[in-house]
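J.: Quick one: structure below, then a few questions.
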Amino acid sequence: MKGMKGPIFQIGIGLWFSLAVMAGIESRSWSGFLTPFYIGLFFVALGLASDARRSGRRPWQIAGNALIACCALLFVGSLMNTAERLYLVNGQSYPRLLARDVGAADTATLDKLHRNQCKGELMEIYGKKDGLWVIRCGFSWVGGHTFISDTNPYGDKFGGIRK
């Protein structure tokens, strides 16, 4: 096993980094570049950890094990973040533990949240079963803010539409 020096590993990492460059150019933003770049760095870290674990020196083996543990935690966290996003979009309800309750929100509350909490980021609003409305600033739970409203935030504009 050649580890990081093998052609399969090097071609794979090259593909991730070239995908990052292509995505950054096409989207004309750093965020388009950074997602595939971070995935490539994740695989580089796994390759380094694998080579370090095979080293004959004990400190390198310990560092390799620690790096693999960090990568495993990052992978599990990413899976949990993905599961939360799927539950937010497709679920019948949303756990109050993961959001801050804002009571009966209206458009003025939305404007205030957008200005103060979201800092101008995109807001997504999802109607749930039991008359709850979930308001999300940003895309992910980790990087964004999530709020729960007891009423339709646009009810005052559209005459109390439920969903």
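None of the figures in this text is laboratory data; all of them are computed from the coordinates on show. Given the structure is predicted, the values throughout are model-derived calculations rather than measurements. As a convention, Cβ positions derive from the backbone with ideal geometry for all residues, glycine included, and neighbour counts pool all protein chains shown.
J.: Using each residue's phi in region 85-97, evaluate 6.51 cos²θ - 1.76 cosθ + 1.60 at θ = phi - 60° and report the 3J(HN,Hα) Karplus result to the nearest Hz, with x for Gly and Pro.
T.: Here the 3J(HN,Hα) series is 5, 5, 5, 4, 6, 9, x, 6, 9, 8, x, 5, 4 Hz.
J.: Assuming R0 = 30 Å, what is the FRET efficiency of Ala69 and Asn116, from their Cβ-Cβ distance, to the nearest 0.05?
T.: The formula returns an efficiency of 0.20 here.
J.: Continuing with this model, one more query. Can you bin every Cα-Cα distance in region 3-90 into 10 Å intervals starting at zero and give me the percent of pairs per bin, rounded to whole numbers?
T.: Bin by bin from 0 Å, the calculated values are 17, 32, 35, 14, 2.
J.: How large is Rg over Rh for region 96-149, taking Rg from the Cα atoms and Rh as the Kirkwood inverse mean of 1/r across Cα pairs? Spell out each step's value before the answer.
T.: On the way: Rg = 10.3 Å, Rh = 11.1 Å.
Using only Cα positions, Rg/Rh for region 96-149 is 0.93.
J.: Under a Cβ-Cβ cut-off of 13 Å, what is the net charge of the residues other than Glu121 that fall near it, where Lys and Arg count +1 and Asp and Glu count -1?
T.: Around Glu121, the surrounding residues sum to +2.
J.: What are the extents of the Cα atoms of region 47-87 along their three principal axes, listed from largest to smallest and rounded to whole Å?
T.: 46, 14, 8
J.: I've got another one for you. Could you tell me what fraction of 2.2 N^0.38 Å the Cα radius of gyration of the chain comes to, as a two-decimal ratio?
T.: On the way: Rg = 21.8 Å, N = 163, 2.2 N^0.38 = 15.2 Å.
After normalising by residue count via 2.2 N^0.38 Å, the value is 1.43.
J.: Per DSSP helix of 4 or more residues, -39500 (n - 2.57); summed, then divided by the residues of the chain. What does that give at 222 nm, rounded to the nearest 500?
T.: Taking each H run of at least 4 residues, the total per residue is -19000 deg cm²/dmol.
J.: For region 41-129, what is the convex hull volume of its Cα atoms per residue in Å³?
T.: Residue-normalised Cα hull volume stands at 142 Å³.
J.: Another one. How large is ³J(HN,Hα) for each residue in region 111-126, as worked out from phi by the Karplus curve 6.51 cos²θ - 1.76 cosθ + 1.60 (θ = phi - 60°), to whole Hz, x for Gly and Pro?
T.: Here the 3J(HN,Hα) series is 4, 5, 5, 4, 6, 8, 8, 7, 6, x, 6, 5, 10, 10, 10, 10 Hz.
J.: Here is a follow-up. Looking at region 33-66, which trypsin sites (Lys or Arg not before Pro) are DSSP coil and have at most 12 other C-beta atoms within 10 Å of their C-beta?
T.: Those that pass, being in a loop and sparsely packed, are Arg54, Arg57.
J.: Between Ser50 and Ile25, what is 0.36 nm times their sequence separation minus the Cα-Cα distance? Round to one decimal in nm.
T.: Values: separation 25, 0.36 × 25 = 9.00 nm, distance 3.22 nm.
Between Ser50 and Ile25, full extension yields an extra 5.8 nm.
J.: Note down the net charge around His145, summing +1 for each Lys or Arg and -1 for each Asp or Glu among other residues with Cβ under 9 Å from its Cβ.
T.: Neighbour charge sum, excluding His145 itself: +1.
J.: Okay, moving on. Residues of region 41-56 with the amide nitrogen closer than 19 Å to a label point 7 Å from the Cα of Lys5, along Cα-to-Cβ, please.
T.: 44-56
J.: Cut-off 10 angstrom, C-alpha nodes, Gaussian network model of the chain. Which of Met123, Met80, Met22 fluctuates the most?
T.: So, out of Met123, Met80, Met22, the one fluctuating most is Met22.
J.: Using 0.36 nm times the number of residues separating Arg57 and Val76, minus their current alpha carbon distance, what extension gain do you get?
T.: Gain in length upon complete extension: 3.9 nm.
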